[in-house]
Amino acid sequence: MADIFSQNILSLMKEGVVKSYMEAFLPKAVSFIWAVILALVFWWLGRKIINFIVSAAAKGMKRRKMETGVIQFTSSVVKGVGLFFLICIILGFFGVTATSISAFIASLGVTAGLALQGSLSNFAGGVLILLLHPFRVGDYIIEDTHGNEGTVAEISTFYTKLQTIDNRIIVVPNGVLANSSLTNVTAADKRMMDIVIPVAYDADIKKAKALLKGVVGKELMCFVDKADRAEDKDIKVFVKELADSSVNLGVRFWLPTKNYWDVRFALLEDAKAALDEAGVEIPYNKLDVYVKQ
């Protein structure tokens, strides 16, 4: 059996079949290897060029003082388009023409459209966000649908990244933000403080109001620049409600948005201390139990 196989190999070699096969195969192999080398070189160079273009475009937009969200969104789009054309060029090294690529994309257009419906919706949502400006990079927003909230860190092609106060990153699709209600907490420069502080029915209401107004003035002195402080006449302390077990005093005044939380936390603490020191009772829910003998 081995002798017959050897004789067949020798016969093929004598007839030049192997030689003809190698002569036909080697050029194709060399051409393929050369195409792979060119593809790797063009991929490396192309990535460098695309990154340079994206960086140059971003610097140009920064010099024009464009919004950070617009810069981030445009940079991601430019990078995506550049990579697409780079891949088309590399495929050309392997004999894939632009006409073939166009025909392939056209044939898969409907399928890809259905498969990428969510991504296309997110892309359109990103465009709407940049055009209509419901929020910008740096704003603190609350997304009402799922309750996500945080400072807008990045607006990319398909998603918006929110940074929470404890430094977590929440990724929200642009389509959700563009098609649902949200609250932009920091859109305006000023914000109204509106809190309620209850006091007992037998407390001196005028005394309690004067104390709270003084506490507000103290907090504004500590946290707010002089030019941005609310004047004494603009600090409103009033009886907001006669509740079941307390007289609810409302406190309202305007202050810069950036100082809102610092003032709020200090105001609640200092108001409690001032009312306690003055002997003004702050009522709370309690249960009295009487044991009948």
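Observations on the structure shown:
- Note on R252 and R64: with the Förster distance fixed at 30 Å, the Cβ-Cβ geometry gives a FRET efficiency of about 0.15.
- Cα-based reach from K213 at 22 Å (exclusive), listing lysines while leaving out same-chain residues under 8 positions away: K190, K226, K233, K236, K240, K258, K272
- Cβ-Cβ distance of D262 and I170, R₀ of 25 Å, FRET efficiency by 1/(1 + (r/R0)^6): the value works out to about 0.55.
- Reachable lysines, given that their alpha-carbon falls under 19 Å from the alpha-carbon of K59 and they are not under 8 places away in the same chain: K48, K79
- Largest accessible area first, the listed residues L83, L128, L220 line up as L128, L83, L220 when surface is computed with a 1.4 Å probe on the assembled protein chains.
- Candidate residues D270, D144, D232: accessible-area rank, largest first, probe 1.4 Å: D232, D144, D270
- In order along the range 262-276, phi translates into HN-Hα couplings of 4, 5, 4, 4, 5, 5, 4, 5, 6, 5, 4, 5, 5, 5, 5 Hz, rounded to whole numbers, per the Karplus curve 6.51 cos²θ - 1.76 cosθ + 1.60 with θ = phi - 60° and x for Gly and Pro.
- Shape analysis of the range 175-249 places it in the oblate category; the axes a ≥ b ≥ c from the Cα gyration tensor give an a/c of at least 1.5, with a/b not above b/c.
- Cα shape, the range 162-208, gyration tensor, a/c 1.5 rule: prolate
- In this structure, K207 and V291 have a Cβ-Cβ separation that, at R0 = 35 Å, corresponds to a calculated FRET efficiency of about 0.40.
- Protection proxy ranking for 280-291, 239-250, using the average of other Cβ atoms within 10 Å per residue and placing the highest first: 239-250, 280-291.
The values are calculated or read from the model by the stated rules, or taken from the named source; none is laboratory data. Predicted, not measured: the structure shown is a model, and the values here were computed from it. For neighbour counting, all protein chains shown are included, and Cβ atoms are generated from backbone atoms with ideal geometry for every residue, glycine included. With ligands, DNA and RNA removed, areas are computed over all heavy atoms of the protein, side chains included. Shrake-Rupley method; radii C 1.70, N 1.55, O 1.52, S 1.80 Å.
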